[in-house]
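Report on the structure given below.
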Amino acid sequence: MRDNLNVQAWPDRRLLDLLKLEIPIVQAPMAGSDSVALARTVSSTGALGSLACPLLSPDQVREAVRALRQGMTRPFNLNFFCHTMEAPDAAAIQKWRRFLGPHYDRLGIDIESVGESRLRLPFNDDMCTVVEESRPEVVSFHFGLPNPDLIERLKRHGIKILSSATSVREAKWLVSRGCDAIIAQGFEAGGHRGMFLETNIATQLGLFALATSSSGRSFCSSHSGRRHCRRERHCCGPRPWRIRGAVGHCVSVLPRSQCISSVSSSA
């Protein structure tokens, strides 16, 4: 874009070239808070707009992609979860209702009249078919990766695959299964990290420790749950797991809370 010509050249273009971007900014997908308008606005600048899809049906994703592509040819990212769904635990639900009941009563709300919230569903065969039809430039995942056959179907269409890791072990797992870039989240990310192999939060690394331990096709990120301005740093290096300085790895930044407060957010 003409407005971007005066921006100082970013020192490491690997992620820019991989995702065909002009600006090293990736808008964080935020289920329930982002929007088509937000993703279009970000992508239109030459950065990468993202749309979280775990709360959407296949038909809603189709409609969203049509709206994203209308009058725009720049890359965008569709984000999905790939966790294992647990069967509803009726006893646990009743326990929560008993615990929260007095608070609902205090506010004059009948807890029995409150409908169930929408489920964040994992990526499956039906959604993969929609993505194959839509062919976004980038698809990202949270909580690991879906079945290898689904990844292979996406890659056959030239779609770049990203996923989040909270440790070097998770990052290596993702690379070995075909990730083109890794969102490496430090413990500063708070409770919304995408842990999928790790179970002990005490083993989690901070941003810079994780960044210096992860390179190759990875890009590292951290966003603070306590600060309004959440920042994610995306990094790559020439060899998969060579220990190097974090500053030399940074190839992009990712704002999250700033997007929530924008006029295009649905938050």
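Of note:
- Spatially proximal lysines relative to LYS20 (Cα-Cα < 22 Å; intrachain offsets below 8 disregarded): LYS155, LYS160
- Surrounding net charge for ARG40, when Lys and Arg each add one and Asp and Glu each subtract one, Cβ distance under 15 Å: 0
- A full extension of the chain between GLU116 and MET85 corresponds to an added length of 9.6 nm, given 0.36 nm per residue minus the alpha carbon distance.
- Shown here are the Rg and Dmax of the Cα trace of the stretch 1-118, at 20.7, 60 Å.
- Taking a point 7 Å from the Cα of HIS192 along the Cα-to-Cβ direction, the residues of the stretch 108-146 with backbone N closer than 14 Å to it are 142-143.
- Distant-in-sequence amide H partners of PHE76 (H built 1.01 Å from N, under 5 Å): GLU137, VAL138
- Residues in the stretch 87-123 that a label on ARG66 would reach, taking backbone N under 18 Å of a point 7 Å out along Cα→Cβ: none
- Proxy reagent accessibility, fewest Cβ within 10 Å first, across ILE182, ILE25, ILE151: ILE25, ILE151, ILE182
Quick note: the coordinates plus some simple rules give every number you see, no bench work behind them. The model shown is predicted, which means the values in this text are computed figures rather than measured ones. Here Cβ is always computed from backbone atoms with ideal geometry, including for glycine, and neighbour counts include all displayed protein chains.
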